[in-house]
Amino acid sequence: MTHAFMGFMAAMHNALADWDDSSTIDFHRQETIQCINKRLNLEAKGHDVPVSDSVIVSVSLLVNTESFIGSVASARAHINGLVKMVELRGGLIDGLGHSPLLQRALSWADFAYATMAAVPLSFPLVPQIAGSLDIQDRFTSRSMMINHGATAGGPHRRHGRHNLLLLNRESAELFELLFSSTEAVNNFEFARLDELRDQRNKMSDTIYLLEYRLCTLEQQARARAERLGGANVAAVLANPTDLSESLIYASHLFLHLALRGQPPTAKRHKALTEALMTSLSGILVHMGWLFDAPSDAPSPPSYTTDAPGAQPYDHIAAGGCWPSSSPPNPGAIAFDISDMRVPVKLETETEPNPAAAATDDLHDDVLLWIMFVGCCVQMRPQYARNEFDIPTLDSTFLARDHRTFFVLALRRLCRERAISGKEALIDRLRSIVWMNTWCERQLDMVWALLGLELEL
């Protein structure tokens, strides 16, 4: 178990230091596997000699480490072995009910692999460790009012700048749960750590329940995408203004980064980040931000900026898109999702009547928060940039540089909403979900990347 724990710590340290050296991780992984195999020669021969708790914990830590570094094949093999070991012990709920700590360790490994590999969970919900903090109605009622007004008011009814909706009730409920968990951490008295054991357990139970339900919703989204032919176009074709799926992925990333304290450079965030970007594609097309780059251009297209000394990012974030020799057809804009071209028909939007508009910026603030969470992920780009890479919101570039995509989108949102100062942005993000110290540090880095103070 010691080698398994040290291997996981080495993976965390490498991610925090942004090191590529995996020699320490590999050493402890190999030692862990050898120790596990030696124990299995004595254990797991039948129900009379069950697999010990120490072996199960060691394998779960191994799964965590391999999920953390993005080793899909190894993590898959070990999670499958872990499932068989738990079956020999009588199952996660009945066989291991004597140890909530062991149940949490196994569930944590299950969450890690499922989110990294984008697959269903291997273990069921454990009621014994699934609880909930008190939930405040901070978002749900307001969101329902916005949705109802947008539906009942007809095409002239406008809520927010882009008529954004939040149609999945469960995603809103989980967001309330995320808010309650974050506030519990913000207000926790760490000086009384030992005295507040019950409160700590309740917080842990809530985070467990939250992540289990998020994983379940994500699997439902993947299954829905498979039924539609492999491309995640549900939100694009059905309702391109629905933020529900994007909120699910952003909430899960926030849980990993802020609540669980995972390093933002870890490869385990790749699947969630790309799923978030894909879920935003329909919204960005609806907003007129996402266009396809010419695929047969012999050289990168040129672009101009109006301000002296302006950078390429300034043009895009201010409202530009990928330049082309002729303007794109607004009736059928195409974009890439996972190398699959999806034509999207955009109907001309009727200009709303300002006198009839009843605006609530909740959903616009939620989109701002989603983009901020995306900016907090710091994985290295998949491919090195070269002179042919023009930084735009074009989806071909998205696959290469996750952070640039979110920085560009957040910068443009700030310009659209006249957010010209750091404190103004903090106020909008605080109105959604805010982890005090962590978010402050992240916003300092994000603000530097945005290249603001914005000139409006």
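No lab work stands behind these numbers, since they all come straight from the coordinates. Note that this is a predicted model, so its numbers are computed, not measured. Reconstructed Cβ throughout: ideal geometry from the backbone, glycine too, with neighbour counts over all protein chains shown.
Brief remarks follow.
- Taking every C-alpha pair closer than 8 Å and separated by at least 6 residues, the mean separation divided by the residue count of the stretch 2-129 gives a relative contact order of 22 percent.
- Taking Cβ atoms as reference points and 12 Å as the exclusive limit, the residues near Ile135 contribute a net charge of -4, counting Lys and Arg as +1 and Asp and Glu as -1.
- Cβ-based net charge around Ile432, under 11 Å, with every Lys or Arg adding one and every Asp or Glu removing one: -1
- A viscosity of 1.002 mPa s and a temperature of 20 °C, combined with the Kirkwood radius over C-alpha pairs in the Stokes-Einstein formula, give the stretch 2-129 a diffusion coefficient of 144 µm²/s.
- Charge context of Leu174, other residues only, Cβ under 13 angstrom, K/R +1, D/E -1: -3
- Debye-sum result for the stretch 75-117 in log10 I(q)/I(0), which assumes one identical scatterer on each alpha carbon, at q = 0.19 Å⁻¹: -0.55
- Dipole axis of the stretch 2-129 (+1 Lys, Arg; -1 Asp, Glu on Cβ), positive-most option in Ile93, Ser54, Thr24: Ile93
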